[in-house]
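J.: Okay, handing you the structure first.
Read-outs throughout are calculated quantities, based only on the coordinates presented, and are distinct from any laboratory measurement. Note that the coordinates shown come from a computational prediction; the quantities given were computed from them, not determined experimentally. No Cβ is skipped: glycine too gets one built from the backbone with ideal geometry, and neighbour counts run over all protein chains shown.
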Amino acid sequence: MSLSLDQIKETLRAQRIETPSWAYANSGTRFKVFPQPGVPRDPYEKIADAAVVHRLTGIAPTVSLHIPWDRVDDFTKLAEHAQEQGVTLGAVNSNVFQDEDYKLGSVTNPDPRVRRKATDHLLQCVDVMDATGSRDLKLWFSDGTNYPGQDDIRARQDRLATALREVYDRLGDNQRMLVEYKLFEPAFYTTDLPDWGTAYAHCLELGPKAQVVIDTGHHAPGTNIEFIVAFLLRQGKLGAFDFNSRFYADDDLMAGAADPFQLFRIMYEIVRGDALDPAYGINFMLDQCHNIEAKIPAIIRSVLNVQEATAKALLVDRDALGEAQRSGDVLAANAALMDAFNSDVRPLLAGLRAENGLDPDPIAAYRRSGYQEKIATERVGGEQAGWGA
Ligand code: AOS
Ligand code: ZN
Ligand code: ZN
């Protein structure tokens with residue numbers, strides 16, 4: 001069914017995008033971290049920055065945490081601070097990849113002591129969720145091997161399943177587990193969760209609280225991500241996105257920067273599956289870092305890019321598309337999608353912001369606000385997100 005302009009606007013008003021705490025902090029590659037002036041010195045300041053992004057865009061009211069990068073004594077207090085700033089704490093990301101012990105893997109490590117330590121960390125992340133009121137535990141494992149024969153591929157799957165089960169059983173009624181996959185890196189021969197099929201199979205085995213998270217940067221070049229979206233939606237197993245852009249591998253560039261057409265195709269499948277409404281339960285997160293560009297405007301840009309792709313997806317004339325598909329008119333079907341993609345939705349979105357009392361141009365509003373100058377003066381010695389430490 002094609003949507004009226006009012007329906008499109010209403011849908012866009014309800015859209016929600018979650019920003020990651022680590023994107024506000026200093027980050028870099030394994031070669032160099034370039035510190036920026038004014039970056040947050042603690043999780044409280046990361047949340048303050050996320051709140052600025054939300055105030056300017058109106059659609060980014062939640063912030064993902066990363067444990068232990070977001071180190072505080074009292075997570076309830078952090079949640080209250082977020083609330084005061086007008087945002088709430090979102091997914092809790094675990095970290096079982098930055099410890100000497102995890103050289104040969106975390107939950108799949110051949111040493112039961114290391115597996116216990118890794119699983120205990122995941123359980124502690126659920127404790128954090130209890131304190132913050134977060135619904136989602138996001139699990140990404142750097143586990144894998146570099147050489148044939150290094151470890152038993154199948155035994156590692158068994159160890160992974162055991163750890164996931166223990167954590168799954170600890171989840172509360174309103175909590176979920178988001179299982180992330182990644183083609184390779186840091187392991188180069190086998191990765192224990194390399195693709196959506198493996199993540200899906202584990203989630204299926206675990207039960208309804210386990211869902212797959214698609215990080216758009218975690219696939220082989222040329223992978224049709226919208227197919228994965230359509231498939232997982234049909235199975236009720238798509239829990240979240242980590243949006244970012246890639247040219248080569250896990251580049252973590254701004255969402256929609258490298259391939260806005262791909263982002264549109266993904267969002268079209270979301271619209272097609274009626275899965276955009278927050279009530280459906282998909283957590284649309286960003287997972288990126290800004291190594292050379294100014295962070296807050298880059299995050300605003302990314303939120304706007306997702307919003308633009310969504311607006312274009314909503315513009316698709318679904319009646320014309322359906323008709324063309326049923327009659328086998330390949331060209332007309334393709335044209336229906338391309339017409340929407342080639343529309344300039346920026347005036348529509350600027351108008352919508354103005355209607356909602358926001359500045360039509362959030363990036364210009366940020367530049368004018370003086371916030372960047374203020375944090376650059378007030379904050380000295382900003383935190384590193386965790387890379388290259
Ligand atoms: C790592 O490549 C993944 O994208 C994870 O989502 C990870 O937890 C996040 O990027 C922060 O490192
Ligand atoms: Zn990710
Ligand atoms: Zn990644």
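J.: When you scan the stretch 147-159, do you find a residue that is within 16 Å of ligand 2 (Cβ to nearest atom) and in a loop (DSSP other than H, G, I, E, B), even just one? Reasoning before the result, please.
T.: Of the residues in the stretch 147-159, the ones within 16 Å of ligand 2 (Cβ to nearest atom) are none.
No, there is no match, as no residue in the stretch 147-159 is within 16 Å of ligand 2 (Cβ to nearest atom) and in a loop (DSSP other than H, G, I, E, B).
J.: Could you list, ordered by first residue, the pairs with Cβ atoms under 7 Å in which the first is in the stretch 1-24 and assigned to a helix (DSSP H, G or I) and the second is aromatic (Phe, Trp, Tyr), at least 6 apart or interchain?
T.: Pairs that qualify, where the first residue is assigned to a helix (DSSP H, G or I) and the partner is aromatic (Phe, Trp, Tyr), are Trp22/Trp69.
J.: Taking into account only those residues within the stretch 189-216 that are out of contact with any strand residue (DSSP E or B) (no Cβ under 7 Å at 6 or more places or on another chain) and not aliphatic (A, V, I, L, M), which is surrounded by the fewest Cβ atoms within 10 Å (Cβ to Cβ)?
T.: Taking the candidates together, the pick is Pro208.
J.: Yes or no: Asp287 closer than 27 Å to Gln235 by Cβ, touching a residue at least 60 places away in the same chain (Cβ under 8 Å) and of a type outside the set (Val, Ile, Thr)? Give the derivation first.
T.: Values: closer than 27 Å to Gln235 by Cβ: yes; touching a residue at least 60 places away in the same chain (Cβ under 8 Å): yes; of a type outside the set (Val, Ile, Thr): yes.
Yes.
J.: Tell me, which residue of the stretch 242-294 that is more than 16 Å from the chain's Cα centre (by Cα), within 16 Å of ligand 1 (Cβ to nearest atom) and of a type outside the set (Gly, Ala, Ser) is surrounded by the fewest Cβ atoms within 10 Å (Cβ to Cβ)?
T.: The qualifying residue surrounded by the fewest Cβ atoms within 10 Å (Cβ to Cβ) is Tyr248.
J.: Within the stretch 164-187, can one find any residue that is within 16 Å of ligand 3 (Cβ to nearest atom), farther than 19 Å from His66 by Cβ, among the polar types (S, T, N, Q) and more than 16 Å from the chain's Cα centre (by Cα)? Quick ask: steps written out before the conclusion?
T.: Start the filter on the stretch 164-187 by keeping residues that are within 16 Å of ligand 3 (Cβ to nearest atom), which leaves 178-187.
From what's left, farther than 19 Å from His66 by Cβ: 183-184, 187.
Among the residues that remain, those that are also among the polar types (S, T, N, Q) are: none.
Checked against the condition, which is being within 16 Å of ligand 3 (Cβ to nearest atom), farther than 19 Å from His66 by Cβ, among the polar types (S, T, N, Q) and more than 16 Å from the chain's Cα centre (by Cα), the stretch 164-187 yields no hits at all.
J.: Report, by residue number, each residue of the stretch 4-53 that is over 20 Å from Asn283 (Cα atoms) and either within 16 Å of ligand 3 (Cβ to nearest atom) or of a type in the set (Gly, Ala, Ser) (or both).
T.: Ser4, Ala25, Ser27, Gly28, Thr29, Arg30, Gly38, Ala48
J.: Would you check if there is a residue in the stretch 227-237 being assigned to a loop (DSSP other than H, G, I, E, B), more than 13 Å from ligand 1 (Cβ to nearest atom) and surrounded by fewer than 16 Cβ atoms within 10 Å (Cβ to Cβ)?
T.: Looking through the stretch 227-237, at least one residue is assigned to a loop (DSSP other than H, G, I, E, B), more than 13 Å from ligand 1 (Cβ to nearest atom) and surrounded by fewer than 16 Cβ atoms within 10 Å (Cβ to Cβ).
J.: Next question, about the same structure. Suppose the filter is more than 27 Å from Arg116 (Cβ to Cβ), within 15 Å of ligand 1 (Cβ to nearest atom) and assigned to a loop (DSSP other than H, G, I, E, B); does Gly222 pass it? Steps first, please.
T.: Numbers: more than 27 Å from Arg116 (Cβ to Cβ): yes; within 15 Å of ligand 1 (Cβ to nearest atom): no; assigned to a loop (DSSP other than H, G, I, E, B): yes.
Criteria not met by Gly222.
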